[in-house]
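Q: Mind looking over this structure? Questions follow.
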Amino acid sequence: MAAEQKISYRNLYLSVFIINIVYLGVGESNVWTSPAIPRLKEEGSKFAGTSFNEAWLVSCFAIGQVLGPLISGCFMDTLGRKPTTFLIILFMVISCSMLAVASTVEILYLARIIGGFSFGMSVSVLPVYVAELSDPAVRGTLNSFPLASRSLGYFLMYAVGPIVSYMNLILVTIVAPVIALLLIFLLPESPYHLFAKGKSESAHQTVTWLRRGATKEAIQAEVDTMQKAVEEIKANKKSFRTLISTRASIRALYISCGLLFFLQMSGIPVIMSITESLFILARVNISTKLCTLIFGGLMLTVGLLGPAVTRRFGFKTPLTISAFGMFLSLSVFGGHFYMISLGYDMSDYSLVPLSSLVAYISFFSLGFSNSAFAVVGELFAPNIKALGTSLTNCIGFACALLSIQLYYVIKSTFGIHFGIWSFALTNALAVPFTIFFVPNTSGMSLLEIQEMLNKPWFDKKNKVVPIEERYTMREVCYI
């Protein structure tokens, strides 16, 4: 009987484990600058006294992030998911190698662009790869691992980075991509991609390998479902025009862009990239290495609680609380730097910057870190999901680059406290945006979400307001 079949997911778990090693590597690469910048500036460094520019080193990674999603879709469709994942790993190895041998700041910048390119590709490619390999029965569980793997990568950099030399830091960073490079031959190609290329027999063999112990009938049923999905995607050719062809797709696009704008402008790209430097500038009398370790540990711990919070309260409430909490935290953090700028000795108040940044990363991890991308992934219809998420990811990473550049401009012109307060202001604006514009999609099917987004907005008299006229989102947001 089909109910008595015992499916072994060993091969599936092995495949997802290898992909999560890649996630760990891109997580390390993302926050590499936090421990690296103090090492590059310290006396005896080969870059001390050179034209090394902190702002550009941080920004170069964001430049690569913008470029990654732009071409990853082409690589996925032409080369396949496995070869594209190989390129992601290869770019990480190249980036680390260039950082190790760099003799000029220009090579440092180029290495960080390549690292950011790898990160940007991973955001678009790896979630699709995991989803297409996974059995629906365990897909939800497997989709929760990437966040944990990236967070572990962040924590390793925050924990190990401040206590090792520059070269040893690079050695730590390159371990994960090298391991993934050695294991990638064990990964299968996505059966969806094999069907798209007309390799039906190979796709069937891949599904059988991933679902060891499943009955022939169960495997055939899943194979038929995959083949039908591929045929439907081919029949529904997507283009940019498709993104603006319906009321639902237009609303999905600007809600997604708005969420990722507030996510990246919340200050997270800057704060995660220069965490140790911020504690140094705050003149805390506690070890900055310990402060960074606490920051990374809380980020990892609270981040793991995020999915449980989302299951309990949905997306809307955590997003709203997250934005408001980040606003309060950064307001206090900026106030600490303002007092320093006035000449006050703040060494006796070291717990203020530490507690405010810990509160900030806790609020971020509970809300925007998890829920923003989850909402974006649910809003687009299946036939435009890949195009829509790639476009919004590019826009989001462009906002990250903008936030980094704006921070350094404001910092050099008005002071670091105004740079921090600018992020606090953005988080304050995110609160009404979330309340009035972000729909509460928790517990809704994808079809129900599309039906909701396609509904006309209603005015207070419950009369339909044409889409070309001004409308309110309140009715739809609380459906």
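Q: Report the full-extension gain for the segment Asp135 to Val164: residue separation times 0.36 nm, less the Cα-Cα distance, to one decimal in nm.
A: Numbers: separation 29, 0.36 × 29 = 10.44 nm, distance 4.16 nm.
Full extension from Asp135 to Val164 adds 6.3 nm.
Q: When the Kirkwood hydrodynamic radius is evaluated over all pairs of different C-alpha atoms of the chain, what value in angstrom, to one decimal, is obtained? Don't skip to the end; give the middle numbers.
A: Values: mean 1/r = 0.0424 Å⁻¹.
It is 23.6 Å.
Q: Between Asn53 and Thr413, what is the label-point separation in nm under the 7 Å Cα-to-beta-carbon projection?
A: Simple spin-label model gives 1.6 nm for this pair.
Q: OK, next. Let me check something: with ligands and nucleic acids excluded, how do Thr104, Thr85 order by accessible area (1.4 Å probe), largest to smallest?
A: Thr104, Thr85
Q: Figure the gain on full extension for Asp224 and Ser245 (residue separation times 0.36 nm, minus the Cα-Cα span) and round it to one decimal in nm. List each step's numbers first, then the result.
A: Numbers: separation 21, 0.36 × 21 = 7.56 nm, distance 3.02 nm.
Result for the pair: 4.5 nm of gain on full extension.
Q: Here is a follow-up. Once you have the Kirkwood Rh of segment 1-151 from its Cα pairs, apply Stokes-Einstein at 37 °C and 0.692 mPa s and quote D in µm²/s.
A: Values: Rh = 16.9 Å.
The diffusion coefficient I find is 195 µm²/s.
Q: Another question about this same structure. Tell me, what does the Kirkwood hydrodynamic radius of segment 126-178 come to in angstroms if you use every pair of distinct C-alpha atoms?
A: Details: mean 1/r = 0.0772 Å⁻¹.
Taking the inverse mean of 1/r over all distinct Cα pairs, segment 126-178 comes out at 12.9 Å.
Q: Could I ask something else about it? Gain in length, Lys455 to Ile71, computed as 0.36 nm per residue apart minus the alpha-carbon separation, to one decimal in nm?
A: Values: separation 384, 0.36 × 384 = 138.24 nm, distance 3.39 nm.
Full-extension gain reported as 134.8 nm.
Q: Could you tell me the relative contact order of the chain? Use alpha-carbon pairs under 8 Å, at least six residues apart, and round to a whole percent.
A: Details: 713 pairs, mean separation 98.5, N = 479.
Relative contact order comes out at 21 percent.
Q: In whole angstrom, note down how far apart the Cα centers of segment 365-435 and segment 317-353 are.
A: That distance is 20 Å.
Q: For segment 59-100, just the Cα set please: Rg and Dmax, both in angstrom.
A: When restricted to the Cα atoms of segment 59-100, Rg and Dmax are 11.4, 33 Å.
Q: Also, quick follow-up: What does the convex hull of the alpha-carbon atoms of segment 221-313 project to on average, in nm²? Intermediate values should be presented prior to the final figure.
A: Values: hull surface 43.5 nm².
Orientation-averaged projected area of the Cα hull: 10.9 nm².
Q: Moving on to the next point. Suppose all protein chains stay in the model; what accessible area per residue would a 1.4 Å probe give for the chain, in Å²? Please report the intermediate quantities before stating the final value.
A: Details: 20890 Å² over 479 residues.
Counting only protein heavy atoms, the per-residue value for the chain is 44 Å².
Q: Simple spin-label model, 7 Å along Cα-to-Cβ: Glu231 to Leu328 in nm?
A: Those two pseudo-labels are separated by 5.6 nm.
Q: Do any trypsin sites (Lys or Arg not before Pro) in segment 198-296 lie in a loop, going by DSSP, with at most 14 other beta-carbon atoms within 10 Å of their beta carbon, and if so which?
A: Those that pass, being in a loop and sparsely packed, are Lys237.
Q: Shifting gears a bit: Could you please tell me the mean projected area of the C-alpha convex hull for segment 174-233, averaged over all directions and given in square nanometres to one decimal? Walk me through the numbers on the way to the answer.
A: On the way: hull surface 20.7 nm².
The orientation-averaged projected area of the Cα hull of segment 174-233 comes to 5.2 nm².
Q: Can you quote the Å³ per residue value for the convex hull of the Cα atoms in segment 89-151, rounded to an integer?
A: Values: hull volume 4.8 nm³, N = 63.
Measuring per residue, one finds 76 Å³ for the Cα hull of segment 89-151.
Q: Rounded, prolate or oblate, given the Cα gyration tensor of segment 388-441, with a/c below 1.5 counting as rounded? Can you show the working numbers first?
A: Working: a/c = 5.29, a/b = 1.50, b/c = 3.53.
Here segment 388-441 falls in the oblate category.
Q: Moving to a separate point now. Where the centre of each part is set by its Cα atoms, how far does segment 252-292 sit from segment 69-84, in angstrom?
A: 30 Å
Q: Right, another one. Over all pairs of distinct alpha carbons, what does the Kirkwood formula give as the hydrodynamic radius of segment 140-297, in Å?
A: Details: mean 1/r = 0.0483 Å⁻¹.
Kirkwood hydrodynamic radius for segment 140-297: 20.7 Å.
Q: If you don't mind, another one. For the Cα atoms of the chain, what angle does the longest principal axis make with the long axis of helix 10-30, in degrees from 0 to 90, nearest 10?
A: Roughly 30 degrees, rounded to the nearest 10.
Q: Given 5 Å bins starting at zero, what is the percent of C-alpha pairs of segment 298-375 in each, up to the one with the largest pair distance?
A: Binned Cα distances yield the sequence 3, 17, 23, 19, 13, 10, 7, 5, 2, 0.
Q: Using helices alone, what [θ] at 222 nm do you get for the chain, with -39,500 (n - 2.57) per DSSP H run of 4 or more residues, divided over all residues and rounded to the nearest 500? Don't skip to the answer; put the middle values down first.
A: On the way: 23 runs with 360 residues, N = 479.
Taking each H run of at least 4 residues, the total per residue is -25000 deg cm²/dmol.
Q: Working from the alpha-carbon coordinates of segment 309-442, get Rg over Rh, Rh being the Kirkwood radius. Before the final figure, lay out each step's value.
A: On the way: Rg = 17.1 Å, Rh = 16.3 Å.
We get a ratio of 1.05 for segment 309-442.
Q: Which residues make up the longest stretch of the chain clear of GluC sites (Glu not before Pro) that lie in a DSSP loop with no more than 10 other Cβ atoms within 10 Å, not counting the sites? Display every interim value, and only then the final one.
A: On the way: sites that count: Glu43, Glu468, Glu469.
Within the chain, the longest run free of exposed GluC sites (Glu not before Pro) spans 44-467.
The values are calculated or read from the model by the stated rules, or taken from the named source; none is laboratory data. For clarity, every value in this text was computed on a predicted model and none was experimentally measured. Glycine also receives a Cβ, built like all others from the backbone with ideal geometry; neighbour counts cover every protein chain displayed. Accessible surface areas use protein heavy atoms only, side chains included; no ligands, DNA or RNA. Shrake-Rupley method; radii C 1.70, N 1.55, O 1.52, S 1.80 Å.
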